[in-house]
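Everything below concerns the one structure shown next.
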Amino acid sequence: MTTGADLLELSPVMPVVVIDDVEDAVPTARALLAGGIGVIELTLRTPVALAAIARVATEVPEIVIGAGTVTSPAHAKEAAGAGAKFLVTPGTTDAVLDAAFATGLPFLPGASTVSEAMRLAERGLTALKFFPAEASGGAAYLKSVAGPLPGLRFCPTGGITAATAPDYLALPNVGCIGGSWLTPKKSLADKDFATVERLAAEAAALAR
């Protein structure tokens with residue numbers, strides 16, 4: 001895996017995971033893998049996120065571990081140092097973009113408007129995160145930009161559910177979708193990793 005475009009081919013659904021207890025990181029990754037999902041976007045939204053990324057990178061090398069919610073140059077550098085194999089940003093500033101490039105890792109830069117997407121395309125990026133997907137117009141929006149932006153493909157994330165996932169995956173400019181429903185907060189709190197595995201298996205079976 002060497003480019004952002006490759007990230008879109010790893011799974012129909014990229015799990016967007018928030019880890020509050022570092023001890024949940026490895027069993028969560030293993031449950032996703034057992035369900036047929038070979039990638040995980042672990043968000044930098046909690047104090048244990050970097051430690052969780054390091055744990056997964058070391059103990060579950062079969063899964064492609066990435067860092068999400070990269071919102072600063074420091075985040076990019078720290079995530080790479082922790083062992084992340086890719087980066088995902090919710091939006092993109094020049095500083096964050098430069099820092100992401102500097103890591104040498106593939107990444108999905110966030111965009112929610114045509115102008116933002118065009119600006120990223122000017123930097124040579126053709127695989128983008130569309131966030132927040134539902135709030136920004138959803139599948140209808142992405143369908144409407146396919147014509148004027150034929151060279152771009154997206155991983156829409158934000159508000160997507162198992163029920164709405166097929167609407168996105170049916171679009172030619174969607175490579176995969178990001179979903180938080182695979183790792184419900186309650187399931188992780190209850191150490192109910194069997195549910196995570198079941199939800200992962202259902203997501204892995206979604207057609208693209």
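No value in this document is a laboratory result; all are computed from the given coordinates. Only a predicted model underlies this, so the values are computations on that prediction, with no experimental measurement involved. Cβ coordinates were reconstructed from backbone atoms using ideal geometry, including for glycine residues, and neighbour counts include every protein chain displayed.
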Mean residue ellipticity (222 nm) of the chain, computed from DSSP H runs ≥ 4 via -39,500 (n - 2.57), nearest 500: -11000 deg cm²/dmol
Students often forget the sequence filter, so: which lysines lie under 18 Å Cα-Cα from LYS185 once same-chain residues fewer than 8 apart are removed? none
Can you list residues whose amide H is under 5 Å from MET14's amide H, if they're 5+ apart or on another chain and H is modeled 1.01 Å from N? ILE177, GLY178, GLY179
Test of understanding: in a Gaussian network model of the chain with alpha carbons linked when under 10 Å, which of GLY83, GLY138, GLY147 would top the mean-square fluctuation ranking? GLY147
Here D for the range 1-142, in µm²/s, from Stokes-Einstein with a Kirkwood Rh over Cα pairs at 37 °C and 0.692 mPa s, works out to 217 µm²/s
Can you list residues from other chains, or at least 5 along the same chain, whose modelled amide H is less than 5 Å from the amide H of LEU128? ARG153, PHE154, CYS155
For the range 60-73, Karplus couplings with θ = phi - 60° (6.51, -1.76, 1.60), whole Hz, Gly/Pro x: 10, x, 6, 9, 8, 9, x, 10, x, 6, 7, 10, 8, x
Which of LYS186, LYS85, LYS77 ends up with the largest GNM mean-square fluctuation for the chain, with Cα atoms connected below 10 Å? LYS186
If you build a Gaussian network model of the chain, linking Cα atoms that sit under 10 Å apart, which residue out of GLY159, GLY110, GLY179 swings the most? GLY159
Considering the options MET14, THR92, LEU105, tell which one lies farthest towards the positive end of the dipole of the range 4-194, charges being +1 on Lys and Arg and -1 on Asp and Glu at the Cβ, about the Cα centre. THR92
What dipole magnitude, in Debye to the nearest 20, does the chain give about its Cα centre under +1 on Lys/Arg Cβ and -1 on Asp/Glu Cβ? 300 debye
Quick one: Karplus J couplings for the range 33-42, per residue in order, coefficients 6.51, -1.76, 1.60, θ = phi - 60°, nearest Hz, x for Gly and Pro? 5, 5, x, x, 9, x, 9, 8, 9, 9
Arrange the following residues from fewest to most other Cβ atoms within 10 Å of their Cβ: LYS129, LYS191, LYS143. LYS191, LYS143, LYS129
Whole number please: convex hull volume per residue of the Cα set in the range 108-208, in Å³? 96 Å³
Long-range amide H contacts for VAL64: which residues qualify at under 5 Å (H placed 1.01 Å from N, peptide plane, sequence gap of 5 or more or a different chain)? VAL39, ILE40
Inter-part gap, Cα centre of the range 148-208 to Cα centre of the range 104-129, in whole angstrom, is 20 Å
Among 37-47, 93-103, what's the highest-first ranking by average C-beta atoms within 10 angstrom per residue? 37-47, 93-103
Would you list ARG123, ARG30 from fewest to most Cβ contacts within 10 Å? ARG123, ARG30
From fewest to most C-beta neighbours within 10 Å, the residues PHE154, PHE193 line up as PHE193, PHE154
Using the Karplus curve 6.51 cos²θ - 1.76 cosθ + 1.60 with θ = phi - 60°, work out ³J(HN,Hα) for each residue of the range 90-95 in order, rounded to whole Hz, and write x for Gly and Pro. x, x, 9, 9, 4, 5
